[in-house]
Amino acid sequence: SRVSHLNKSIAEIEAALQLLLKLKVDYKGATGQDYQAGSPPAENMDESGNRSIADGADDDTVDPWNVSTTSAKGVDYDKLIVRFGSSKIDKELVDRIEKVLGQKPHRFLRRGIFFSHRDMHQVLDAYEKQKAFYLYTGRGPSSEAMHMGHLIPFIFTKWLQDVFDIPLVIQMTDDEKYLWKDLTLEQCHHYAVENAKDIIACGFDINKTFIFSDLDYMGSSPEFYRNVVKIQKHVTFNQVKGIFGFTESDCIGKISFPAIQAAPSFSNSFPQIFGGKQDVQCLIPCAIDQDPYFRMTRDVAPRIGYPKPALLHSTFFPALQGAQTKMSASDANSSIFLTDTPKQIKNKVNKHAFSGGKDTVEEHRQHGGDPDVDVSFMYLTFFLEDDEQLEKIKQDYRSGALLTGELKKILIDTLQPMISEHQERRTQVTDEMVQQFMTPRPLNFRY
Ligand code: TRP
């Protein structure tokens, strides 16, 4: 119909506009100048060291602060593996995980949502030899509003904790958000505690999990701070400039922050958990944009006598408007929030989820839709557990048997109970529980 055609055009324009604005911000970040059409940057930009690490041979931007691409299918993750020098989570690795665990791998592994790794084979070797390792992940608490994209690493980490039965540390980088955003220390710390509730609601085991705010823990743990200083001594300004694109006008807090995100990768940062052992291997599940921190960490580790952390990288959770960028908490219409009501979820999906369907029912029936650019289908790949059902939806959508409205209905029916259940679990998280999770203490493991 004309209306759906119009809606689709508006959605496309919105997506393109968002991308343009992002690119302008990227440009300014990389060159220090406002973008002006027809006035390209000077050739020597490279040497200034001011370029974002993301500026590779192609036009995908992926760094801790920006994610964007011009492709409706999203970032080219195979190219990213080459650019970052990580390894693909291929069928062989997924099969090995299944064999080692004796159970079906998580759907995020089966479907390539966690798609890249560093040293995962080494972790599995260690596990087979019953050597200890632990999990580390984190969250930058920049507001109270968490969206579904934020949960991806935590859902997966919860699964890893269950199947491997190992300790987990979760870093809340309230210091990072204070340094990067226009927020007070009190706000950032408050968001850390509020976000911890959503994280706890993912089902983490209190006997196996330590959640910490940097603002609290740094000051209370000499061992943690010692590791921060060790790391700081072994990384130069030139190195972080190269890795993160910092410039001389960035505050020194930003320049030294990467050492704070690196420190939890080393087990002796948590003597209450690991009894002072400094060689317990760390495994970090995270979105691929966090990799620069851990490339740096892995570079430093052997020089300060610690094992390199292993990594599992996820793809991004696409914005409703399309996979050109990820969900953003600062754009309400791009995201489904953990606080959204069933009605809001329904409206957002119906109104904003970019569709790979055709403009009219007749055309759609005849030519079929494109699941590769369809955001509703992409979301189902994250959340629909049944592989066969998902495959059937894909085929039916491609053939035209399944209409966009019907696809959206399946997504809405999947998301509504998921989010309501999350909300229900979150209301059960008491302040006292948060307090407990965030208290430095031994966990249920002996070293
Ligand atoms: N910098 C991350 C963010 O802004 C937070 C973070 C800290 C993190 N340590 C981590 C994320 C380890 C993944 C793994 O969200």
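Since every read-out is calculated from the coordinates, none of them should be taken as a lab result. This is a predicted model, so every value here is computed, not measured. Ideal geometry is used to build each Cβ from the backbone, glycine not excepted, and the neighbour counts take in all protein chains shown.
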How much length would be gained if the chain were fully extended between residue 445 and residue 330, taking 0.36 nm per residue of separation minus their Cα-Cα distance, in nm to one decimal?
37.4 nm
For the range 123-136, in residue order, the Karplus 3J(HN,Hα) values (coefficients 6.51, -1.76, 1.60; θ = phi - 60°; whole Hz; Gly and Pro = x) are 4, 5, 4, 4, 4, 5, 8, 6, 7, 6, 8, 9, 9, 9
Between rounded, prolate and oblate, where does the range 313-447 land on the alpha carbon gyration tensor, with a ≥ b ≥ c its root eigenvalues, rounded for a/c under 1.5, else prolate if a/b exceeds b/c?
prolate
For residue 346, which aspartates and glutamates qualify as cross-link partners when the Cα separation must be under 18 Å and same-chain residues fewer than eight apart are set aside?
331, 374, 406, 413, 421
Under-5 Å amide H pairs with residue 213, H placed in peptide plane, nonlocal only
172
With θ set to phi - 60°, apply the Karplus curve 6.51 cos²θ - 1.76 cosθ + 1.60 along the range 212-217 and write out the HN-Hα couplings as whole Hz, x wherever there is a Gly or Pro.
9, 8, 4, 4, 7, 6
Using alpha carbon positions and the Kirkwood radius, the Rg to Rh ratio of the range 300-339 is 1.33
If R₀ is 56 angstrom, what is the calculated FRET efficiency for the pair residue 254 and residue 388, using the beta carbon separation as r and rounding to 0.05?
0.70
Determine which lysines satisfy two conditions relative to residue 241: a Cα distance under 22 Å, and not lying fewer than 8 residues away in the same chain.
22, 24, 28, 177, 181, 230, 233, 254, 308
3J(HN,Hα) from dihedral phi, the range 179-195, Karplus parametrisation 6.51/-1.76/1.60, rounded to Hz, x for glycine, proline
6, 9, 10, 8, 9, 8, 4, 4, 4, 4, 5, 4, 4, 4, 5, 5, 5
Take residue 99 and residue 236, extend 7 Å from each Cα along the Cα→Cβ direction, and tell me the distance between the two endpoints in nm.
4.5 nm
